[in-house]
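The structure appears right after this line, and notes come after that.
The values are calculated or read from the model by the stated rules, or taken from the named source; none is laboratory data. As the structure is a prediction and not an experimental result, all values here were calculated from the model. Note that we place each Cβ from the backbone using ideal geometry, even for glycine, and neighbour counts take in every protein chain shown.
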Amino acid sequence: MNEWRPVPKPVHKRVKKTAKQRGQIMAEVYADALDRSQGYCERCGSPQWLECAHLVRRWKLDETTVNDVAMLCGPSVNTGTCHNWVDYTAEGRKWAEGLRNEFWQRERERMITDG
Ligand SMILES: [Zn+2]
């Protein structure tokens, strides 16, 4: 028998999420972050112009969780806002990394408490 057997296509597991998937994640993350912030900037407490700011460079993340972002006052292009400070100053970046560690630490503690 000389039966023709098509070679099965290699199954590629999609590791990177699509832009659409990322978008959906961001909507949830945004809602969770807003919930955590209670509507105030997570650095200075201002209720003005809150933006969901990444606490680490986006390309470092495979997936953005609520622990990787903070609600900060903006707009990020305006000097003097917390979002601008975090995005454009070394000091702000350091602070953001510290805050991110704190969020993850809290999550770990929650997991221990929940059993
Ligand atoms: Zn602020």
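Quick notes
- Sub-7 Å Cβ pairs linking a first residue in region 89-113 that is among the hydrophobic types (A, V, I, L, M, F, W, C) to a second residue that is part of a helix (DSSP H, G or I), at least 6 apart or interchain, are Trp95/Val86; Ala96/Val86; Phe103/Asn67; Trp104/Asn67, ordered by first then second residue.
- In region 33-57, the residues that are more than 12 Å from the ligand (Cβ to nearest atom) and within 16 Å of the chain's Cα centre (by Cα): Ala33, Leu34, Asp35, Arg36, Cys52, His54, Leu55, Val56, Arg57
- Just one of the numbered conditions (1) away from the ligand (no atom under 14 Å from the Cβ); (2) at pLDDT 95 or above; (3) in a loop (DSSP other than H, G, I, E, B); (4) not polar (S, T, N, Q) is not true of Lys16: (2).
- Thr81 under 27 Å from Lys17 (Cα atoms), surrounded by 13 or more Cβ atoms within 10 Å (Cβ to Cβ) and of a type in the set (S, T, N, Q): no
- Tabulated pairs, region 73-84, first over 15 Å from Gly39 (Cβ atoms), second near the ligand (Cβ under 8 Å from one of its atoms), C-beta under 6 angstrom, 6+ apart or interchain: Ser76/His83; Thr81/Cys73; His83/Leu72
- So Asp62, is it more than 16 Å from the ligand (Cβ to nearest atom), without any contact (Cβ under 8 Å) to a residue 40 or more places away in the chain and within 22 Å of Asp87 (Cα to Cα): no
- Meets criteria (part of a loop (DSSP other than H, G, I, E, B), among the hydrophobic types (A, V, I, L, M, F, W, C) and closer than 27 Å to Lys20 by Cα) for Val56: yes
- Enumeration of residues in region 33-55 that are touching a helix residue (DSSP H, G or I) at 6+ places or on another chain (Cβ under 6 Å) and surrounded by 14 or more Cβ atoms within 10 Å (Cβ to Cβ): Ala33, Cys41, Arg43, Glu51, Cys52, Ala53, Leu55
- Among (1) under 27 Å from Lys16 (Cα atoms); (2) surrounded by fewer than 14 Cβ atoms within 10 Å (Cβ to Cβ); (3) away from the ligand (no atom under 16 Å from the Cβ) - the single one Glu109 does not satisfy: (1)
- Among the numbered conditions (1) part of a helix (DSSP H, G or I); (2) on the phi > 0 side of the Ramachandran plot, the only one that Glu102 does not meet is (2).
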